[in-house]
Amino acid sequence: MSDASAQPEVHHLAPPTGFIRKHVFSLDHKVIGLQYYGLALAAVFIGMVLSWLFRIHLGWATAAIPGLQLFSPNGAPGGLITPEYYLSLLTMHGTIMVFFVLTNAPFAGFGNYFLPIQIGAEDMAFPRFNMMSFWTTFAAFLVMMAAFFVHDGPPISGWTAYATLSSIGKDAGPGEAMGQNLWAVSIALFCIGQLLGSLNFIATTLDLRTKGMTLSRMPISTWAWFITACIGLLAFADLLPACILLILDRTAGTSFFNPAGMVVSDNLQPHSGGSPLLWQHLFWFFGHPEVYIAIIPAFGIVAHILPTFMRKPLLGGMRVLIGCLIAAGFLSYMVWGHHMFVSGMNPYSAILFSVPTLIITIPFTVSTLIFLGSIYGANLRFTSASLFSLGFISVFISGGISGFFLAQPSLDTYLHATYFVVAHFHFVMAVAAIFGIFAGTYFWMPKMIGRMMNEGLGKLHFWLTFIGVYCIFMPMHYLGLAGNVRRYSAFTDNYLIPLIPVHKFITIAALLTGAAQFIFFYNLIHTRWWGVQAPDNPWDATTLEWSTTSPPPFDNFGGRHLVVRQDPYEYSVEGAATDFIMQTATDTIAKH
Amino acid sequence: MGKVFCVALVIITLVSVYPIFAHTWWPPPTISTTGPNVDHQMDETLIGTGVLFISSQLILAGFVWAYSGAKKKIKFWPGGATPVVAFGIIIVGIEILSLTFVGSKAWAAMYMAPPDEHALHIDAQAEQFAFFFRYPGPDGVFGPIHPDKISDGNGNYFGLDPEHDVAARDDIVVGSLAIPVNTPILLTLHSKDMIHNFYVPELRLQQDMVPGLDIPMHFTATTIGKYEIVCTQLCGLGHYSMRAFMEVMSQPDYDTWLKQQSGD
């Protein structure tokens, strides 16, 4: 490596010495990145178990789950899930997965760890904000978990918490007393954490790039985190006040979301002047960009990993893909109304929201074509990371395709709130982002913990997961086509009863695919303590994170200030000594 | 490994699309005048997206097979990114334009066109976890709704006050929707507590019922029969059980039914 062009300097913060400063209230972006990742792991485990419980209930509505009554005597007497507890499980599954997994892991987790390293910085711009961001998020998680232990259980209003179910209070049903309060407080805290994090990501990217790290030389993953931070800054700044208004409606007698004349359980509600649609507008103004907050980092991670295992840069360099991500991020703020086609808003606005929603498929189609065109002529190397990256492309196509249906109000009028929607957002947002997280984990874990993950187990994990997610989510499209409504705790309608066998199949697939994730958990834990020592650059990759030790020292580069002289993905360059050129290499070689 | 990936992806793709081709799970036949437009739009979208889905998955599978492992010389897509970007924009652009033009007409016929001026006007009220329907009675006028009078306990689901409101005296309130076949219907949807939804898959229509809003919805049913009305908007613990029936009757049967209701 020929990058030690500057004098060694001391990190502007001294390395911590005590256990608390080093591992708990750490200011080091790498520790904070791992903390976010660890929190996401805990959250995904809980979210997965919740989905198992309600999937069992959907397949076998009268089956008792032994021991569940110990956890929730009211929600599951005798181990039998009540309709309200089914809704609680569903609400908590969605909330935990969207906020604490899909936002935390690919953006806050990997982003915190690798964004400063990829631009040659020694830390984030505001390390204390960074620590505060994580611990606020952690507090949000604890508040959310507390909802399991309050008297009437977690809220039942779904992760979208539509008013008026969420805004009236205990009259609305079980879980709508303290459980829903905790939900709103938790999400408000989460927003604060994300706002601090987004500010930090933006400031770091703009201000702390090392010499030679121009914007056009930034790796695509850093670009993706930067774009995501810009989206997040607007999105969470919208959800935070929405949650505050919800808390006020619930506790202070205001009427932001509650109209006059509501009668709940024969009680005339003391509200006037509010609109339930206001919550939907505020929520989806955040909610649609949130989809991109989950998926754009995953896109960046996959686009960062694929060149390494194709041994060639992306088609069109990075510019086309970056342009697509920026376009998608921009458009994501113009499409929130497509969640509300049948909400009762003016039907003319449906057309207005439908067109940009359909247009958003253009940047994503172009990105997919860029991925496919990049694979053309590659020397693909198959690792767990590259398999999950290729799998990402496939599941993203599958999820994106169904978007064409739901973007059209004339089809949404049939498919709205059916399992078709569940299939769509799970493929495009959840599964695709999770594949990005898995790819990132297998790719970067050697750098993060200094040990190589077991590739055999990783590949087994990929195959079981890849086939598993198709078995779970593809049949949900068919259920949606047959008009199967979502969020039903039992299927008692005549036309839904024949669909129960499909639900049983999905449940079995979900249990097996979930079980396969224990291979991943085992691999991660085994690697942490017993894995083979990782070299500095195990994948022959080019970007700055591979120019330092595994794991990196406290100040990331051991006092060196790197100078960047190359584009990020210089693979298979003719005339070069190796088939990859590090970003810090001084060689001047003809470009493609 | 590339070959395994390719074969697995081809199998996944073919198995995924088979039930669509075979119509294994499919929407029930439509019974409304506007439903065929929706079905036509669905078919168009299925064909367009089906081609995109199958071709892109198969190209991915084929490329992974062809370019796996071997230490061949790296090749680049002939022509670079520009034709790929242009191709993507043109293909999807055409798809979007055609879907929007045709689809907007289907949407407009259901939601933007005014109801027939002779449409039969029926009121619908949703509550946790039931639907109620109100017919104006012989005077053709609905009595006003008084929220403070709404009570499940005494069966006053619409909050009527027949003592003071003359128009309310002959209003007919029932728990299922009866309508004459081939007659334009204008429903006004209300909710007294949560957001509910009026969804009849056979009508290809879905509309939220929102507290504080009176939302009109119109349709014409073309086939006699009994159909389920289900709630699709999460409204509380009994959401799954919230349903009613819509009975489409011949005009004479409807007239008899209405007479029986007024007689009660």
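All of the numbers you see were taken from the coordinates with simple rules; none came from a lab. Keep in mind it's a predicted model, so treat the numbers as computed, not measured. Cβ atoms come from the backbone with ideal geometry, glycine included; neighbour counts cover every protein chain shown.
Please order A:D238, B:D43, A:D536 by the number of other Cβ within 10 Å, starting at the fewest.
Starting with the residue having the fewest Cβ neighbours, the order is B:D43, A:D536, A:D238.
Partner chain Cβ atoms within 10 Å, averaged over the residues of B:81-94 - can you pull that number for me? It would help to have the intermediate numbers written out before the result.
Numbers: counts 12, 2, 2, 10, 13, 1, 4, 13, 5, 1, 3, 10, 5, 0.
Rounded to a whole number, the mean comes out at 6.
Going by average Cβ density within 10 Å per residue, which order do the peptides B:14-20, B:237-243 take, highest to lowest?
The packing order, highest mean first, is B:237-243, B:14-20.
Among A:87-95, A:252-260, how do they line up from the highest to the lowest mean number of other beta-carbon atoms within 10 Å?
On the way: A:87-95: 25.8, A:252-260: 18.4.
Output ranking for A:87-95, A:252-260: A:87-95, A:252-260.
If you add up the charges near A:P498, with Lys and Arg at +1 and Asp and Glu at -1, over every other residue whose beta carbon is less than 14 angstrom from its beta carbon, what do you get?
Working: positive: A:K504; negative: A:D493, B:E228.
It works out to a net charge of -1.
How about the stretch B:8-71: which chymotrypsin sites (Phe, Trp or Tyr not before Pro) there lie in a loop by DSSP and see at most 14 other Cβ atoms within 10 Å?
Nothing satisfies the criteria.
If I model a spin label at B:H146 and B:S98 as a point 7 Å from the Cα along the Cα→Cβ vector, what separation in nanometres do I get?
Spacing of the two 7 Å Cα→Cβ label points: 5.9 nm.
About the Cα centre of chain A, how large is the charge dipole given +1 on each Lys and Arg Cβ and -1 on each Asp and Glu Cβ? Please answer in debye to the nearest 20.
With only Lys, Arg, Asp and Glu charged at Cβ, the dipole is about 560 debye.
Per residue of B:6-19, how many C-beta atoms from partner chains lie within 10 Å of its own C-beta, taken as a mean?
Other-chain Cβ atoms within 10 Å of each residue's Cβ, averaged: 3.
Give me the net charge of B:V181's neighbourhood, meaning all other residues with Cβ under 15 Å from the Cβ of B:V181; Lys, Arg count +1, Asp, Glu -1.
Details: positive: B:K226; negative: B:D116, B:E202, B:E247, B:D253, B:D255.
So the surrounding residues net to -4.
For the stretch A:43-52, take each phi angle, set θ = phi - 60°, evaluate the Karplus expression 6.51 cos²θ - 1.76 cosθ + 1.60, and give the result in whole Hz per residue in order, putting x for glycine and proline.
Those phi angles translate into 5, 5, 5, 5, x, 5, 5, 4, 5, 4 Hz.
Which one, B:K73, B:K226, B:K149, has the greatest fluctuation when you compute a Gaussian network model over chain B with C-alpha springs under 10 angstrom?
B:K73
Modelling each spin label as a point 7 Å along the Cα-to-Cβ direction, I'd like the B:L14/A:L248 distance in nm, to one decimal.
Placing both labels 7 Å beyond Cα along the Cβ direction yields 6.1 nm.
Can you compute the modelled spin-label distance between A:H526 and A:F330, with each label point 7 Å from Cα toward Cβ, in nm?
4.8
Just how far, in whole angstrom, is the stretch B:41-92 from the stretch A:303-360 if you go by their alpha carbon centroids?
Here the answer is 18 Å between Cα centres.
Output the 0 to 90 degree angle, nearest 10, between the alpha-carbon long axis of helix A:455-481 and the longest principal axis computed from the alpha carbons of chain A.
With rounding to tens, the tilt is 30 degrees.
Take the residue pairs A:K30/B:K3; A:K30/B:K72; A:K30/A:K211; A:K22/A:K211; A:K22/A:K312; A:K170/B:K259 and return only those whose Cα atoms are more than 32 Å apart.
Pairs exceeding 32 Å: A:K30/B:K3; A:K30/B:K72; A:K22/A:K312; A:K170/B:K259.
If r is the Cβ-Cβ distance from A:I497 to B:F21 and R0 is 25 Å, what FRET efficiency results, to the nearest 0.05? It would help to have the intermediate numbers written out before the result.
Values: r = 25 Å, r/R0 = 0.99.
For R0 = 25 Å, the calculated efficiency reads 0.50.
Quantify how strongly other chains surround peptide A:493-502 by giving the mean number of their Cβ atoms within 10 Å of each of its Cβ atoms.
On the way: counts 8, 5, 6, 4, 0, 1, 1, 0, 0, 3.
Mean number of neighbouring Cβ atoms from other chains: 3.
B:D139 to B:Q251: extension gain in nm, 0.36 nm per residue of separation minus the Cα-Cα distance?
Length gained, B:D139 through B:Q251: 38.4 nm.
Work out which GluC sites (Glu not before Pro) in chain A are exposed loop sites (DSSP not H, G, I, E or B, at most 15 other Cβ within 10 Å) and give the longest gap free of them.
Looking at chain A, A:10-573 is the longest stretch - no exposed GluC sites (Glu not before Pro) with at most 15 other Cβ atoms within 10 Å.
What does the C-alpha gyration tensor say about the overall shape of the stretch A:531-592? Classify as rounded when a/c is under 1.5, otherwise prolate if a/b is larger than b/c, or oblate.
Here the stretch A:531-592 falls in the oblate category.
Run the numbers for A:L70 and A:D540: contour at 0.36 nm per residue of separation, minus the present Cα-Cα distance, in nm.
164.1 nm
Rank by packing, highest mean first: peptides B:120-133, B:86-99, with packing defined as the count of other Cβ atoms within 10 Å averaged across residues.
So the peptides B:120-133, B:86-99, ranked by packing, come out B:120-133, B:86-99.
Relative to the longest principal axis of chain A, what angle (0 to 90°, nearest 10) does the C-alpha long axis of helix A:361-375 take?
40
Using a Förster distance of 56 angstrom, determine the FRET efficiency expected from the C-beta separation of A:A490 and B:Q260, and round it to 0.05.
Here the calculated transfer efficiency is 0.95.
Counting Lys +1, Arg +1, Asp -1, Glu -1, what net charge surrounds B:K226 among other residues with beta carbon under 15 Å of its beta carbon?
-4
Please rank B:M217, A:M145, B:M194, fewest neighbouring Cβ atoms within 10 Å first, as an exposure proxy.
The fewest-first ordering by Cβ neighbours comes to A:M145, B:M217, B:M194.
Any chance you could give the angle, 0 to 90 degrees and rounded to 10, that helix A:83-95 forms with the longest Cα principal axis of chain A?
Helix A:83-95 and the main axis of chain A meet at about 20 degrees.
Nearest 0.05, what FRET efficiency do A:I20 and A:L233 give at R0 = 25 Å with Cβ-Cβ as r?
The value I calculate is 0.25.
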